[in-house]
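I have placed the structure first, in the form of structure tokens, so that the comments after it can refer back to it.
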Amino acid sequence: MMKIKCIAFDCFGTVFDMSGVSRDEIKAYVDHVRKADFTPFEFPQSWWKLKSHPDSADGIKSLQAMGFFCVAMSNGDSNLIDEISELNGFDFDYVIDLAGRHRVYKPHVDAYRTIEKELGFKPADTLMVTANPTFGDIEGAAAIGMQSQVIRQPGMPQTIIELAEKLGGDWITHDGGQCPNKVIEAGRIGKCVILKFRDNGTEPTYSPRLWRWVHSKKLDDIVGYRIIEAST
């Protein structure tokens, strides 16, 4: 896999759990966005309260901590994606407003071109992530030279956290009892340590005490760490 700078996430089914949504609603949505002529889709009110998969918040935060620019590449309008992301305790670095700004829906190839158009990331620098391998994201991304990664399917990373491990190296967890006060879990992906606090902001970002703890674990090549609030 080539060097990745930007990770574009399909959202419905990939980040957010659609298991509680009726098949009729999903079929109506898929049929609508595949129409040749663009018209806005009115999302059911229940979609404004979607829950994310249990790993999504921590997985996206971990990827952001590793330096990846995480983008919501969804057919959902930007207000919808912003609201349900916040509801589930995380934020994307950017939300592409396909319908409102570009008047296009995935899997039309023009949808995938919006990342370079808005953010400047070349297709070769971008990874399209989807849990829906038959929807068209893989083909749409490939058409412009963008890489793709399927998750939550047999033989593929099962979670966004596993995707982060694949992209950044080994994740090493430590017994919470050995962590500094109020840290309930710590881990490592690549050259970044992720620290989950019981209460966010309880420790200065560059605390000497935390650095001493990091180096006591013989993680001498660490170049930074990110404090995140535990999602549970």
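The values are calculated or read from the model by the stated rules, or taken from the named source; none is laboratory data. Small disclaimer: the values here were computed from a predicted structure and weren't measured. So basically every Cβ, Gly included, is an ideal-geometry build from the backbone, and we count neighbours across all protein chains shown.
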Sort out which residues of the stretch 1-29 are among the β-branched types (Val, Ile, Thr) and in a helix (DSSP H, G or I), and write them in order of number. Ile26
Would you confirm whether any residue within the stretch 105-117 is surrounded by fewer than 17 Cβ atoms within 10 Å (Cβ to Cβ), assigned by TED's automatic domain parsing to the domain that holds Glu25 and not in a helix (DSSP H, G or I)? no
Somewhere in the stretch 145-161, is a residue part of a strand (DSSP E or B), more than 14 Å from the chain's Cα centre (by Cα) and either closer than 16 Å to Cys6 by Cβ or not charged (D, E, K, R) (or both)? yes
Residues Gly187, Gly169, Gly176, Gly140: which one is modelled with pLDDT under 95 and surrounded by 19 or more Cβ atoms within 10 Å (Cβ to Cβ)? Gly187
When the residues of the stretch 30-80 are filtered to those that are assigned to a helix (DSSP H, G or I) and of a type in the set (Asp, Glu), which remaining residue is surrounded by the fewest Cβ atoms within 10 Å (Cβ to Cβ)? Asp31
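Just wondering, is there one or more residues in the stretch 7-14 that are surrounded by fewer than 21 Cβ atoms within 10 Å (Cβ to Cβ), over 14 Å from Asn132 (Cβ atoms) and either more than 19 Å from the chain's Cα centre (by Cα) or assigned by TED's automatic domain parsing to the domain that holds Leu98 (or both)?
No, there is no match, as no residue in the stretch 7-14 is surrounded by fewer than 21 Cβ atoms within 10 Å (Cβ to Cβ), over 14 Å from Asn132 (Cβ atoms) and either more than 19 Å from the chain's Cα centre (by Cα) or assigned by TED's automatic domain parsing to the domain that holds Leu98 (or both).
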The stretch 124-137, residues that are surrounded by 20 or more Cβ atoms within 10 Å (Cβ to Cβ) and outside any loop (DSSP other than H, G, I, E, B): Thr126, Leu127, Met128, Val129, Thr130, Asp137
Only one of these conditions is not met by Thr134: (1) free of Cβ contacts under 8 Å to residues at least 12 places away in the same chain; (2) farther than 18 Å from Met18 by Cα; (3) polar (S, T, N, Q). Which number is it? (2)
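Do we find that Asn75 is free of Cβ contacts under 8 Å to residues at least 12 places away in the same chain and of a type outside the set (Asp, Glu) in this structure?
Considered against the rule, which asks whether it is free of Cβ contacts under 8 Å to residues at least 12 places away in the same chain and of a type outside the set (Asp, Glu), Asn75 comes out as no.
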